[in-house]
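K.L.:
Below you will find the structure I want to go over with you.
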Amino acid sequence: MDLNLRKAVLANVTGNSTDELQNTIMEAINSGEEKMLPGLGVLFEVIWENSNDQEKNELLATLSEGLQ
């Protein structure tokens, strides 16, 4: 992934409220557009990098369960 894309996504959401972040995520998911996937990936990367081991395990369990 191009670092410029990462920076652009982060610049677009930095400082957003939790409601604004939720709206951004829901809009990306509900649109079903492939072009939104890299942005969601950047947001997931932020979550992953800021999670402790227990939170990472919970994320992985949720992901695994959702893929069943």
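The values are calculated or read from the model by the stated rules, or taken from the named source; none is laboratory data. Every value quoted in this text rests on a predicted model; they were computed, and no experiment measured them. Here the Cβ positions follow ideal geometry from the backbone for every residue, glycine too, while neighbour counts run over all protein chains shown.
K.L.:
Filter segment 31-68 down to the residues that are out of contact with any helix residue (DSSP H, G or I) (no Cβ under 8 Å at 6 or more places or on another chain) and touching a residue at least 40 places away in the same chain (Cβ under 8 Å) and list them by number.
P.N.:
Passing the criteria: only GLY41.
K.L.:
It is to be established whether one or more residues within segment 2-9 are at pLDDT below 95 and of a type in the set (S, T, N, Q).
P.N.:
Yes, there is a match, as at least one residue in segment 2-9 is at pLDDT below 95 and of a type in the set (S, T, N, Q).
K.L.:
So LEU5 fits all but one of (1) free of Cβ contacts under 8 Å to residues at least 24 places away in the same chain; (2) over 11 Å from the mean Cα position of the chain (by Cα); what number is the exception?
P.N.:
The failed condition is (1).
K.L.:
Among the residues in segment 46-68, are any surrounded by 10 or more Cβ atoms within 10 Å (Cβ to Cβ), touching a Lys or Arg at 6+ places or on another chain (Cβ under 8 Å), modelled with pLDDT of 95 or more and assigned to a helix (DSSP H, G or I)?
P.N.:
yes
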